[in-house]
2 protein chains.
Amino acid sequence: MQRIYKISNPVIITVAMTGAIPRKKDCPGPLVKTSEQIEEIHKSFEAGASLAHIHVRNPDESPSSDPDLYAIVQAGIQKHCPGIIVQFLTRGRGRDQAARGGMLFHRPDMASLATGSVNFPNGIYENPPDFVDGLASEMLKYETKPEIEIFDLAMLYNAANLVERGLLKAPVHIQFVMGIPNAMPARCSILEFLISELKTVMPDATWTAADVARHQLTVNEWTLELGGHIRT
Amino acid sequence: MQRIYKISNPVIITVAMTGAIPRKKDCPGPLVKTSEQIEEIHKSFEAGASLAHIHVRNPDESPSSDPDLYAIVQAGIQKHCPGIIVQFLTRGRGRDQAARGGMLFHRPDMASLATGSVNFPNGIYENPPDFVDGLASEMLKYETKPEIEIFDLAMLYNAANLVERGLLKAPVHIQFVMGIPNAMPARCSILEFLISELKTVMPDATWTAADVARHQLTVNEWTLELGGHIRT
Ligand SMILES: [Zn+2]
Ligand SMILES: [Zn+2]
Ligand SMILES: [Zn+2]
Ligand SMILES: [Zn+2]
């Protein structure tokens, strides 16, 4: 899960341990036990990772919103990996909308915030306007820095609109997520356009680009070319 | 509602009589009675319009899925406006998903088909993947030509995917819809990018660009510059 790049600019290498879609039977990636997650993140930390990107699972491997699970991983990481940035994922297809931000009172350093709705492989990834506003407000309240997740183009302008309305603090940090079927595909032309628009509507923003599973390496290469940060 | 453009290429000028959002109390545009719609379309037909874009309303002015109302307007237009292309709108925020394609058995020449989900001003415009597949299949069955409505970027690639899977017949006709709050804004840079991507993924497609209410004229100007058709 850790790749080494020889580049001149300093970049943030993110560790994302538990993807939201695959279950253990599909691929060996996702770690269900919090102890496994903590140990994996610790290994990546020792290899140079500076940010841990966490979503947790129920014992049946389904995505979980349980604040206690988030707190256990957060505490373990903070103990074993001093200085690492802890980021909570608020995604969760199949998770109750109201519960998705329910762990923010643990005040993670960062948390993900998708600023719109889009189709995913088997349904809608639902982030209606009032839900987005509410999650952004919670993050302001707990002084958690949002990682804005952009799954489709409109979400970029929605993020700029949140800044204008005082619900996001500039400079924001953006993650472009590509390669999810029915959402934005992993195309270099799209990433170039997103960055060009980002520089126009939120010139002070930082950004990363992530791909789901298959195309990760390719998107990382584009990211380096275009001057962003990396996520493994 | 009718504007005259001096241009060299022939274009299709569309008539859209009843917008899906505003009610009569908000603006004088929407026509609730089918007789009003037919008469307005007839006027535009005499002024040169070649395509009538229809969605109907309940007596309380809310968007309707009633197949009978669609049939009344369809019959009236076909009688008064020989040769005009009749297009049914399958949109309808607040309309039951299952009912949204329920009027297609009237075999309109065209019908709208949004190929994904996106936020609208007050909620999600819901077009989950299986719903999109189902609506596309119905249009194939009734030999209705879809007008693919693109409210956000991913929908463009979803349309190409429907062509690949045999659920849409190439060449497809695309309408880019811009300016709805929380969906794609009305930006020239976006329209240029959409067209560039369209030419790559579906080079034989035809296209128009529509804006919601406020920015209509501006988008029409871009459309002419970039070689598409017009909608009033
Ligand atoms: Zn993840
Ligand atoms: Zn350890
Ligand atoms: Zn309309
Ligand atoms: Zn008449």
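Suppose we keep only residues that are outside any strand (DSSP E or B) and among the aliphatic types (A, V, I, L, M) within segment B:89-114. Which one would you say is modelled with the lowest pLDDT? So, considering only residues that are outside any strand (DSSP E or B) and among the aliphatic types (A, V, I, L, M), the one modelled with the lowest pLDDT is B:Ala98. Among the residues of segment A:100-126, those identified as β-branched (Val, Ile, Thr) and facing chain B (nearest Cβ under 8 Å) are A:Val118, A:Ile124. Restricted to segment A:145-165, and to residues there that are aliphatic (A, V, I, L, M) and touching a strand residue (DSSP E or B) at 6+ places or on another chain (Cβ under 9 Å), the residue that is surrounded by the most Cβ atoms within 10 Å (Cβ to Cβ) is A:Met155. Scanning segment A:167-200 for residues that are within 19 Å of the chain's Cα centre (by Cα) and among the small types (Gly, Ala, Ser) yields a total of 4.
The set of residues in segment B:169-205 being more than 11 Å from chain A (Cβ to nearest Cβ), surrounded by fewer than 16 Cβ atoms within 10 Å (Cβ to Cβ) and touching a Pro at 6+ places or on another chain (Cβ under 6 Å) consists of B:Asp204 alone.
If the condition is being touching a residue at least 40 places away in the same chain (Cβ under 8 Å), within 13 Å of ligand 1 (Cβ to nearest atom) and in contact with a Ser or Thr (Cβ under 8 Å, 6 or more places away or on another chain), then segment A:55-87 contributes only A:Gln87.
Checking each residue in segment B:129-144 for being without any contact (Cβ under 8 Å) to a residue 40 or more places away in the chain, surrounded by 20 or more Cβ atoms within 10 Å (Cβ to Cβ) and not hydrophobic (A, V, I, L, M, F, W, C) picks out only B:Pro129. Considering only residues in segment A:33-54 that are assigned to a helix (DSSP H, G or I) and polar (S, T, N, Q), the one that is nearest to ligand 1 (Cβ to nearest atom) turns out to be A:Gln37. Just give me the residues in segment A:73-102 being buried (at least 16 other Cβ atoms within 10 Å of the Cβ) and within 16 Å of ligand 2 (Cβ to nearest atom), in sequence order. Across segment A:73-102, the qualifying residues are A:Val73, A:Gln74, A:Gly76, A:Ile77, A:Cys81, A:Ile84, A:Val86. In segment A:61-88, of all residues being hydroxyl-bearing (Ser, Thr, Tyr) and assigned to a loop (DSSP other than H, G, I, E, B), the one that is modelled with the lowest pLDDT corresponds to A:Ser62. Is it the case that some residue within segment B:134-149 is more than 28 Å from B:Gln78 (Cβ to Cβ) and out of contact with any Lys or Arg (no Cβ under 6 Å at 6 or more places or on another chain)? No, that holds for no residue. Listed by first and then second residue, the pairs linking a residue in segment B:167-195 that is at positive phi to a residue that is among the basic types (Lys, Arg) and part of a loop (DSSP other than H, G, I, E, B), with Cβ atoms under 9 Å apart and 6 or more places separating them unless they lie on different chains, form an empty list. For a quick check of your reading of the model, give me the residue pairs whose first member lies in segment A:32-52 and is within 14 Å of chain B (Cβ to nearest Cβ) and closer than 10 Å to A:Cys81 by Cα, whose second is modelled with pLDDT of 80 or more and more than 16 Å from ligand 4 (Cβ to nearest atom), with beta-carbon atoms closer than 9 Å and at least 6 apart or on different chains. From residues that are within 14 Å of chain B (Cβ to nearest Cβ) and closer than 10 Å to A:Cys81 by Cα, there are no pairs.
For B:Glu61, the requirement of being charged (D, E, K, R), surrounded by fewer than 17 Cβ atoms within 10 Å (Cβ to Cβ) and within 16 Å of ligand 4 (Cβ to nearest atom) is not met. Among the residues of segment A:160-183, the ones that are more than 14 Å from A:Ile195 (Cα to Cα) and hydrophobic (A, V, I, L, M, F, W, C) come to 7 in all. Scanning segment B:142-161 for residues that are part of a helix (DSSP H, G or I), more than 9 Å from chain A (Cβ to nearest Cβ) and closer than 21 Å to B:Ile124 by Cβ returns B:Leu156, B:Ala159.
The residues on offer are B:Pro59, B:Pro63, B:Pro82, and the sole one that is touching a strand residue (DSSP E or B) at 6+ places or on another chain (Cβ under 7 Å) and away from every other protein chain (no Cβ under 14 Å) is B:Pro63.
The values are calculated or read from the model by the stated rules, or taken from the named source; none is laboratory data. None of the values given here were measured: they were computed from a predicted structure. When we count neighbours, we look across all protein chains shown, and the Cβ atoms used for this are built from the backbone with ideal geometry, even at glycine.
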